[in-house]
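In what follows, a structure is listed as structure tokens, so that the remarks can point back to it.
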Amino acid sequence: MFIKICANTNLADAQLAVELGADAVGFVFAPSKRQMTLEQAESIARLLPAGVEKVGVFATDDPYEVEHSMAASALTVAQLHNEFDQGMVQALSGEFGGKLKIIQAVSYEVNATERAAADARFEAALRAVLAEPAIWAVLLDAAKGGVSGGLGTTFDWAHAAPIVRRVYASAQDGKRELPKLILAGGLHAENVGTAIAEFAPWGVDVASGVEAAPGRKDPAKLKAFIAAARDAVR
Ligand SMILES: O=C(O)c1ccccc1N[C@@H]1O[C@H](COP(=O)(O)O)[C@@H](O)[C@H]1O
């Protein structure tokens, strides 16, 4: 199980996540209570071990912003938290010779007035992302009123998981490996086991659920989350 601990804002928290067994740590450049500058993230990322993925979380329509940030830093993965923009993803991937790891977020709207229409949009977005070979992983998150990222909100897993399974099954043509599935959105130590049982994801990602306050990790919650995610797949 790939475990990403997101929205780090200081070296001590990021190092603790790594010591406790996180595979990836994230830094949020998108507007957020945990927003970092590239320089701040870089000063932390360059002190972390080589084997740990250092993820920059962006919500921009400008591929050059992402390209510049990834080229000029120790970051190893670009997480795009905006709606999927195929042109941007392909431009970005092309700039790095297809070698850049790109995580694309796909959000499940929790406050939909028309559930069927929202489900259809979620399904179409997931289908489009899975069809794009430049995507390394898709990250499922919850959205409220079209806003996603760091909300600490779960979505209806029992309702969404069959949609996700169906889309993955129909996208599989045996010719290439599909993007990996990372689950996010309101995860914490007490619910991550259930989430893993529902989706059988390749990885999990958390921001709010391991914090003492926005941007500051709670060591006990962090430890419990990583242990619970590992236990769930033993
Ligand atoms: O963490 C944030 O503040 C954030 C802001 C804008 C875009 C993405 C952000 N974080 C990502 O959102 C998911 C879910 O967060 P949470 O666990 O529900 O708080 C998180 O895993 C990050 O990848």
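The values are calculated or read from the model by the stated rules, or taken from the named source; none is laboratory data. All values derive from a computational prediction rather than experimental measurement. In this analysis, Cβ positions are derived from the backbone assuming ideal geometry, glycine residues included, and neighbour counts consider all displayed protein chains. We work out accessible area using only protein heavy atoms, side chains counted, and drop any ligands, DNA or RNA first. Shrake-Rupley method; radii C 1.70, N 1.55, O 1.52, S 1.80 Å.
Which residue is modelled with the lowest pLDDT, if the candidates are limited to the stretch 97-136 and must be open to solvent by 60 Å² or more (accessible area, probe 1.4 Å) and in contact with a strand residue (DSSP E or B) (Cβ under 7 Å, 6 or more places away or on another chain)?
Asn111
Please state which one of Leu140, Leu126, Leu151 is within 16 Å of the ligand (Cβ to nearest atom), not in a loop (DSSP other than H, G, I, E, B) and not acidic (Asp, Glu).
Working: Leu126 fails: within 16 Å of the ligand (Cβ to nearest atom); Leu151 fails: not in a loop (DSSP other than H, G, I, E, B).
One residue alone meets the criteria, Leu140.
Whether any residue in the stretch 11-20 is free of Cβ contacts under 8 Å to residues at least 60 places away in the same chain and touching a strand residue (DSSP E or B) at 6+ places or on another chain (Cβ under 8 Å) is what I want to check.
If we filter the stretch 11-20 for residues that are free of Cβ contacts under 8 Å to residues at least 60 places away in the same chain, which is where we start, we get 11-12, 14-15, 18-19.
Still in the list and also touching a strand residue (DSSP E or B) at 6+ places or on another chain (Cβ under 8 Å): 14, 18.
Looking for residues that are free of Cβ contacts under 8 Å to residues at least 60 places away in the same chain and touching a strand residue (DSSP E or B) at 6+ places or on another chain (Cβ under 8 Å), one finds at least one in the stretch 11-20, hence yes.
Out of the residues in the stretch 28-39 that are out of contact with any Cys (no Cβ under 8 Å at 6 or more places or on another chain) and under 19 Å from Gln104 (Cβ atoms), state the one that is farthest from the ligand (Cβ to nearest atom).
Among residues in the stretch 28-39 that are out of contact with any Cys (no Cβ under 8 Å at 6 or more places or on another chain) and under 19 Å from Gln104 (Cβ atoms), the one farthest from the ligand (Cβ to nearest atom) is Phe29.
Give the residue, chosen from Gly94, Gly145, Gly152, Gly87, that is at pLDDT 95 or above, at positive phi and either open to solvent by 10 Å² or more (accessible area, probe 1.4 Å) or touching a Ser or Thr at 6+ places or on another chain (Cβ under 7 Å) (or both). Walk me through it before giving the result.
Numbers: Gly94 fails: at positive phi; Gly145 fails: at pLDDT 95 or above; Gly87 fails: at positive phi.
Only one candidate passes the filter, namely Gly152.
Asp13 - would you say it is open to solvent by 30 Å² or more (accessible area, probe 1.4 Å), modelled with pLDDT of 95 or more and within 14 Å of the ligand (Cβ to nearest atom)? Walk me through it before giving the result.
Values: open to solvent by 30 Å² or more (accessible area, probe 1.4 Å): no; modelled with pLDDT of 95 or more: yes; within 14 Å of the ligand (Cβ to nearest atom): yes.
In short, no.
Could you go through the stretch 166-185 and let me know if any residue there is of a type in the set (S, T, N, Q) and away from the ligand (no atom under 13 Å from the Cβ).
Within the stretch 166-185 (the criterion being of a type in the set (S, T, N, Q) and away from the ligand (no atom under 13 Å from the Cβ)), the answer is yes, since at least one residue qualifies.
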